[in-house]
Every structure is written in structure tokens, then in C-alpha cells.
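Beneath this line is the structure, given in C-alpha cells, with notes to follow.
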2 protein chains.
Amino acid sequence: MNLSKIVVKNRSYRRFYQERPVLESNLLSLVDLARLSPSGRNLQPLKYCIINDAETCAQLFPLLAWAGYLKDWAGPEEGERPSAYIVMVEDTSIAAESAHDQGISAQSIMLGAVELGFGGCMIASIKRKEISELLNFSENLKPVLVLALGVPKEVVCIDPMPANGDVKYWRDEHQVHHVPKRLLSEIILKK
Amino acid sequence: MNLSKIVVKNRSYRRFYQERPVLESNLLSLVDLARLSPSGRNLQPLKYCIINDAETCAQLFPLLAWAGYLKDWAGPEEGERPSAYIVMVEDTSIAAESAHDQGISAQSIMLGAVELGFGGCMIASIKRKEISELLNFSENLKPVLVLALGVPKEVVCIDPMPANGDVKYWRDEHQVHHVPKRLLSEIILKK
């Protein structure tokens with residue numbers, strides 16, 4: 001699969017075959033992709049907690065917000081939940097902020113996950129304090145993003161942006177998840 | 001080239017074969033990778049200005065800061081400069097901030113560049129006001145990152161972090177660029 005195919009296949013998936021595991025070796029190889037990705041001033045302040053046991057997954061799940069635009073959907077049901085998570089953590093003893101690093105590393109991880117046959121969702125709306133408590137993080141470790149992972153169980157398709165410019169994703173009657181994307185011509189600025 | 005190879009090959013390159021162009025079609029295909037990458041709340045506030053003409057490249061070059069840790073080096077000399085740039089711009093009429101989107105999209109673009117035989121560097125230390133003036137951006141368009149691109153002319157290698165924990169990259173007598181990276185074991189948090 002070339003990169004362009006991986007990027008297209010890397011949709012935000014929120015329903016999974018929960019019974020299909022993501023192995024620790026897979027999760028470590030994904031974090032290694034993040035490790036080898038660019039870091040501002042090479043500070044490398046990000047650390048990672050990998051989770052693929054059912055108990056911790058179940059404890060983490062309610063600390064995450066799912067699909068803000070789907071008002072009638074509280075997130076995946078039991079049986080369709082992620083079988084693994086990578087919690088991305090900023091070590092504030094190394095750097096006070098790491099915004100670019102976070103996105104860079106998250107994208108490396110998600111693209112790697114797609115190549116391995118997985119998929120998932122980057123979740124920034126998370127209960128940071130509760131996650132820190134659950135995972136026994138010390139004061140300097142601040143959860144910044146949670147990457148939910150598993151074998152996707154839903155079809156996500158990219159639609160052209162509607163005429164009214166509404167960016168909200170939505171689900172049709174077959175539970176296909178539709179995501180409107182701007183056209184290339186709309187995001188290229190003329191000099 | 002699988003993703004892992006692309007990630008490893010995607011080093012921050014700062015010296016280029018300046019005479020070797022990056023075509024507009026290449027730049028457009030790279031922006032398309034960014035377009036199809038995840039965007040927080042699917043807002044898609046990022047826009048892109050592609051530059052590969054010698055005159056604008058020359059005007060943009062002095063508005064960028066190069067390799068902060070190399071105190072004796074002011075950036076690539078004429079003949080070794082990037083032959084193209086993608087200026088990433090936040091449209092503040094769409095979203096007030098887009099930090100994750102920026103890193104996510106920048107990584108998609110750089111990985112795509114490597115697959116096409118190019119390479120480059122994400123530059124966040126930029127003269128925003130002067131860039132806006134140069135490129136005639138309206139008030140709502142805020143330059144956030146500049147991706148310098150070209151055919152790399154330098155060897156960059158990943159070293160283990162030295163015992164003193166110094167993250168600074170450095171160049172040896174053969175102009176090989178060394179970048180210390182933390183070990184995987186150092187960035188994985190134990191639960």
C-alpha cells in the first residue's frame with residue numbers, strides 16, 4: 001500500500017471488532033514510528049502509555065468524548081469498542097508545550113496502524129485528570145491525546161463539502177459514516 | 001517503500017540540490033495528502049500556498065530560521081537551498097487554533113515528499129508578518145509553518161541519546177548531520 005492509499009484509508013474509525021486484539025508488539029512498533037518522527041527543537045517531550053488489556057480499556061473508555069457531531073450517539077457500544085489505546089503524554093519537565101509534535105506523532109501512529117490492518121481515532125477531548133489518576137502518572141506527565149485503536153467495523157467515506165459549507169460528519173441509514181472534505185482548489189491559496 | 005522505511009528516511013534535511021525542481025504537480029499531490037488527513041472537529045481550517053519559482057523562493061528564504069542548534073551556520077548557502085516551499089496557513093475565519101491539524105498535515109506532507117524522492121524540513125520559526133506581506137495574505141490568513149522541500153544533499157543519521165541527555169543535533173567533520181533520539185524504552189510509560 002503506498003502512502004497515498006494509506007492516507008485515504010486512514011479515516012477516523014469509531015466502531016471496532018472489539019474481540020480482535022491489537023498486540024503489544026504492534027503498539028510498540030507504532031510508538032517507534034512516533035519516536036522517529038520530527039520533534040520541535042528535537043526536545044522529544046512526548047511519552048506513551050500503551051493499553052490493550054480489557055480491564056484498563058474499560059476504565060479508560062468513559063474518560064473519552066466520542067464524535068461530538070453525532071448528538072444521538074454516546075460512542076461505541078460494548079462489543080464495538082477499541083481493543084487498544086495509546087495515551088500520548090507530554091512530559092512537562094522536558095517542554096512546556098508540544099503542539100506540533102503531538103499532531104506529527106499522532107499521524108505517524110495512525111498511518112502505521114492502517115498499514116498493519118488497524119484503524120482508529122485521535123481523541124483530544126479527554127478527561128485529563130481522571131486519566132492521570134487511572135494510569136498513576138506523576139505531576140509532570142500530562143495526557144494530551146488518546147489514540148483509540150482496533151480493527152475497524154465501520155465504513156467511512158469522504159464526501160465533497162455541501163453547498164452550505166457544513167463540515168459536520170453524519171451517518172446514513174446503513175450506518176455509513178460520511179465526512180465532508182474541502183476540495184483541493186479550496187485550500188490552495190493563489191499568490 | 002513501506003511506512004516504517006519512509007518514517008526513518010524522513011529526516012529534517014536542510015541542504016538540497018537547489019537546481020533540482022519540485023514540480024507544481026508534486027506540490028499539489030502533497031497538499032492533497034494534507035487535505036485527506038484528520039482535522040479536529042473536521043473544521044479543516046488550514047490552507048496552503050505552494051511556491052516553486054526561483055524568485056519567490058529567494059524572497060521567502062530570509063524569512064525562515066534554520067537549525068537553531070547550529071550556531072555557526074546561518075542556513076543553506078545559495079546552490080543548496082530548497083527549490084520549493086509549502087506555506088501552511090491557518091484561516092482564522094474558520095478556526096481560532098489548529099495546533100494538532102498543523103502537525104498532522106505537516107507529517108502527511110513530509111512523508112509524501114519522501115516517497116516522491118524529496119525531503120525537507122518543517123520550520124515553525126518564521127517571520128509571519130513579512131511572509132503575509134510577501135504572499136499578499138488577507139487578514140484572516142495566518143502563516144503557521146513553512147515546509148521547505150527539495151532533493152536532499154545531506155546525510156542525516158539518528159544517534160542514541162548521549163549519557164548527558166543533550167538533545168542538540170550536530171554536524172561532524174564530513175558534514176553528516178547527527179540527531180540524538182531517545183530510546184523506545186525511555187518514552188514508554190509503565191502503567
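Count neighbours as other Cβ atoms within 10 Å of each site's Cβ, and list the GluC sites (Glu not before Pro) in segment B:93-191 that are DSSP loop with at most 12 such neighbours. Walk me through the numbers on the way to the answer.
On the way: sites: B:97, B:115, B:130, B:133, B:139, B:154, B:173, B:186; in loops: B:97, B:139, B:154, B:173.
Here the GluC sites (Glu not before Pro) that fit, given the DSSP loop and packing criteria, are B:139, B:173.
Before I look further, what does segment B:102-191 give for accessible area per residue, probe 1.4 Å, in whole square angstrom? Mind showing how you got there, number by number?
Working: 4000 Å² over 90 residues.
Value returned for segment B:102-191: 44 Å² of accessible area per residue.
Cα centroids of segment A:155-179 and segment A:9-29: how far apart, whole angstrom?
23 Å
Quick check on chain B: helices-only [θ] at 222 nm, where DSSP H runs of length 4 and up contribute -39,500 (n - 2.57) each and the sum goes over total residues. Nearest 500, please. Don't skip to the answer; put the middle values down first.
Working: 6 runs with 54 residues, N = 191.
Roughly -8000 deg cm²/dmol at 222 nm, from the helical runs in chain B.
For the pairs A:142/B:47; A:142/B:142; A:191/B:127; A:47/B:142; B:5/B:127, flag any whose C-alpha to C-alpha distance is greater than 24 Å.
Beyond 24 Å: A:142/B:47; A:142/B:142; A:47/B:142; B:5/B:127.
Counting residues in segment A:3-154 as N, plug N into 2.2 N^0.38 Å and put the Cα Rg over that result.
Values: Rg = 14.7 Å, N = 152, 2.2 N^0.38 = 14.8 Å.
Computed over Cα atoms of segment A:3-154, the ratio equals 0.99.
I'd like the accessible area for residue B:69: 1.4 Å probe, protein heavy atoms, all chains in place, Å² to the nearest 10.
Around 50 Å² of this residue is reachable by solvent.
Using Cα positions and a limit of under 12 Å, work out the aspartates and glutamates in reach of residue B:168, with same-chain residues fewer than 8 apart set aside.
Output for residue B:168: B:159.
How big is the convex hull of the Cα atoms of segment A:109-191, per residue, in Å³? Provide the component values of the computation, followed by the final result.
On the way: hull volume 16.1 nm³, N = 83.
In segment A:109-191, the Cα convex hull volume per residue is 193 Å³.
Which parts of segment B:104-149, residue by residue, lose 20 Å² or more of accessible area when the rest of the protein chains are there, as against the chain isolated (1.4 Å probe)?
For segment B:104-149, once contacts with the other chains are taken into account, B:104, B:107, B:108, B:111, B:115, B:122, B:135 lose 20 Å² or more.
Can you work out the FRET efficiency for the pair residue B:159 and residue B:186, with r the C-beta to C-beta distance and R0 = 22 Å, to the nearest 0.05? It would help to have the intermediate numbers written out before the result.
Details: r = 14 Å, r/R0 = 0.63.
Computed FRET efficiency for residue B:159 and residue B:186: 0.95.
Looking at the calculated P(r) for the protein assembly as shown, what percent of the C-alpha pair distances fall above 29 Å?
Working: 29667 of 72771 pairs.
Value for the protein assembly as shown (Cα pairs over 29 Å): 41 percent.
First compute the accessible area of chain B with a 1.4 Å probe, then give the percent of it belonging to carbon and sulfur atoms. Show your work: numbers first, answer last.
Details: 4330 of 8390 Å².
Carbon and sulfur atoms account for 52 percent of the accessible area of chain B.
For segment A:73-101, which residues drop by 50 square angstrom or more in accessible area between the chain on its own and all protein chains together (1.4 Å probe)?
A:100
If you take the accessible area of A alone plus B alone and subtract the pair, what total do you get in square angstrom, rounded to 100, with a 1.4 Å probe? Working shown, then result.
Values: alone 11060 and 11050 Å², together 16780 Å².
The buried area between A and B, both sides summed, comes to about 5300 Å².
Between residue A:17 and residue A:1, what is the spin-label point distance in nm, taking each point 7 Å from the Cα along the Cα→C-beta axis?
1.4 nm
Using a 7 Å offset from the Cα along the Cα-to-Cβ direction at both residue A:178 and residue B:25, what is the distance between the two label points in nm, to one decimal?
That separation, rounded to one decimal, is 3.3 nm.
The values are calculated or read from the model by the stated rules, or taken from the named source; none is laboratory data. The structure presented is a predicted model; accordingly, all values stated were derived computationally and were not measured. FYI the Cβ positions are ideal-geometry reconstructions off the backbone, even for glycines, and counts take in every protein chain you see. With ligands, DNA and RNA removed, areas are computed over all heavy atoms of the protein, side chains included. Shrake-Rupley method; radii C 1.70, N 1.55, O 1.52, S 1.80 Å.
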